[in-house]
Protein chains: 2
Amino acid sequence: MDEPRWLNEREMAAWRGFVAATNLVARHLERQLKEDAGLSHTQYEILVQLSAAPGGSLRMTDLADRLVTSKSGLTYQVTQLEKAGLVGRRSCASDVRGVFAEITDAGWETLRAAAPGHVAAVREALIDVLTPDQLTALADSLGTVTDRLRSTDR
Amino acid sequence: MDEPRWLNEREMAAWRGFVAATNLVARHLERQLKEDAGLSHTQYEILVQLSAAPGGSLRMTDLADRLVTSKSGLTYQVTQLEKAGLVGRRSCASDVRGVFAEITDAGWETLRAAAPGHVAAVREALIDVLTPDQLTALADSLGTVTDRLRSTDR
DNA sequence: ACCATAAGGTTCAAATTTGAACCATCGGAC
DNA sequence: GTCCGATGGTTCAAATTTGAACCTTATGGT
């Protein structure tokens, strides 16, 4: 077992910053969405993804990949949203096993109502705190991280 | 209600990158730690914070702040770690209400055993994927984000 | 000293998450 | 055509997280 390459100061700062920012931002958004729109961030993201997809619908697996959640977790949340009338399930014609989640009119309405507050919270937590150059660099770096992990971790 | 300032392309890229990277990295580490050391990332972080604190111990509230978790969540995890013999509780002399969590010898041992694999995973997911300049910029930006949110959200 | 209020932790029930097991069905190899 | 290993989703129990309620002790103001 080789001597591990410990993190130097710069690396440690980046890592600790990442962990802290991650948790704080998540908390910030979770609270805002719950209070103002009665949605969890996951639920909000489901609506966003569906609203952006052609036909307002996506296959469950596809949706799970985009959200970076487990399949069972998605099943649960979609069921919740279904009970609330914000999404519906539709079976897939070409594959009997397949299920489409589809955003409903009420879902669109909820999303439209929630979006402004959410965007404001995102600005407050992340966007408006950084300069344009910093944002570009951030998007670039995190894009790289995302791409690597998506290919590495299946 | 004013027309909200929607995110432009740059801002959206930064935000989506943040959300995706956040989830993917968390997943990556959670899996690695669980498999190789039988710890959740939260538990690992508790050990790290305690190991870095003078006397190997911290007040519960202090610890909760550093971990960015709810107090009840911390109570739960510390209890788990206590059952496993990795930390202990000690009451505070100057404040009867206070409780110190303290890392045990077994805790040190577990941490020492888990650290190399964890560092490797952190490198694989985040550090080694970016250039030194990118890391510096990232640490800087996320530091700003963290500072703002820490002062804003109580 | 006395009170009102804040702070420190725990407890509790409810909501969520996770991974493994499971049940089909799909698709390609033979 | 038939078989077998992947795929798509759900289900289940167990682990975790959350926020509110609660109890106790500190503390600042009067």
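Estimated from helices alone, the mean residue ellipticity of chain B at 222 nm is -22500 deg cm²/dmol (sum of -39500 (n - 2.57) over DSSP H runs with n ≥ 4, per residue). Taking amide hydrogens as placed 1.01 Å from N in the peptide plane, the amide H of A:F100 sits under 5 Å from those of A:R90, A:S91, A:C92, each at least 5 positions away in sequence or on another chain.
For the stretch A:89-154, what does the alpha-carbon gyration tensor say about shape, rounded, prolate or oblate, given a ≥ b ≥ c as the root eigenvalues, a/c under 1.5 as rounded, and a/b over b/c as prolate? Taking the square roots of the gyration eigenvalues as a ≥ b ≥ c, the stretch A:89-154 is oblate.
Please list B:F100, B:F18 in order of solvent-accessible area, largest first, computed with a 1.4 Å probe with all protein chains present. It would help to have the intermediate numbers written out before the result.
On the way: B:F100 50, B:F18 5 Å².
Listed by decreasing accessible area, they come as B:F100, B:F18.
Karplus-based coupling profile of the stretch B:54-61, in residue order and whole Hz: x, x, x, 9, 9, 5, 3, 4, with θ = phi - 60° in 6.51 cos²θ - 1.76 cosθ + 1.60 and x standing for Gly or Pro. Taking every residue in B:146-153 and counting other chain Cβ atoms within 10 Å of its Cβ, the average works out to 6.
Classify the protein assembly as shown from the C-alpha gyration tensor, please: rounded if a/c falls under 1.5, else prolate or oblate depending on whether a/b exceeds b/c. Taking the square roots of the gyration eigenvalues as a ≥ b ≥ c, the protein assembly as shown is prolate.
Peptide A:22-34 has a mean shielding of 4, counted as Cβ atoms of other protein chains within 10 Å of each residue's Cβ. Measuring against 23 Å, Cα to Cα, the residue pairs A:K34/B:K83; A:K71/B:K34; A:K34/B:K71 contain A:K34/B:K83 as the ones spanning a longer distance.
One decimal place: the segment A:R59-A:D36 gains 5.4 nm when fully extended, by the rule 0.36 nm per residue minus the C-alpha distance. Looking at the square roots a ≥ b ≥ c of the eigenvalues of the Cα gyration tensor of chain B, which shape do they give, rounded for a/c under 1.5, prolate if a/b is larger than b/c, or oblate? In terms of gyration-tensor shape, oblate. In nm, one decimal, shortest first: how far is the label point of A:T75 (7 Å from Cα along Cα to beta carbon) from the matching points in the other copies? Taking the point 7 Å beyond Cα along Cα→Cβ, the inter-copy spacings are 3.3 nm. Against the main long axis of the alpha-carbon atoms of chain B, helix B:132-152 sits at an angle near 70°.
Per residue, how many Å² of accessible area does the protein assembly as shown show with a 1.4 Å probe?
On the way: 16040 Å² over 308 residues.
Accessible area per residue: 52 Å².
Note on B:R16: accessible area is roughly 80 Å² with a 1.4 Å probe, heavy atoms of protein only. To the nearest 10 degrees, how steeply does helix B:71-83 sit against the main Cα axis of chain B, on a 0 to 90 scale? The two axes meet at around 50 degrees. Under 5 Å between amide hydrogens, built in the peptide plane, is the criterion, and for A:V87 it picks out A:E82, A:T104 among residues at least 5 positions away or on other chains. The A-B contact accounts for roughly 5600 square angstrom of buried accessible surface, both chains included, probe 1.4 angstrom. For B:R16, the distances from its label point to the matching points in the remaining copies are 3.3 nm, ordered from shortest, with each point set 7 Å beyond Cα toward Cβ. Across the identical copies, the 7 Å label point of B:A93, projected outward along Cα→Cβ, sits 7.8 nm from its counterparts, in ascending order.
Helix B:9-37 and the longest principal axis of the Cα set of chain B meet at an angle near 30°.
The values are calculated or read from the model by the stated rules, or taken from the named source; none is laboratory data. Everything numeric in this text was worked out from a predicted model, so none of it was measured. All Cβ positions, glycine included, derive from the backbone under ideal geometry; neighbour counts span all protein chains shown. What goes into the accessible areas is simple: the full protein's heavy atoms, side chains included, and nothing from ligands, DNA or RNA. Shrake-Rupley method; radii C 1.70, N 1.55, O 1.52, S 1.80 Å.
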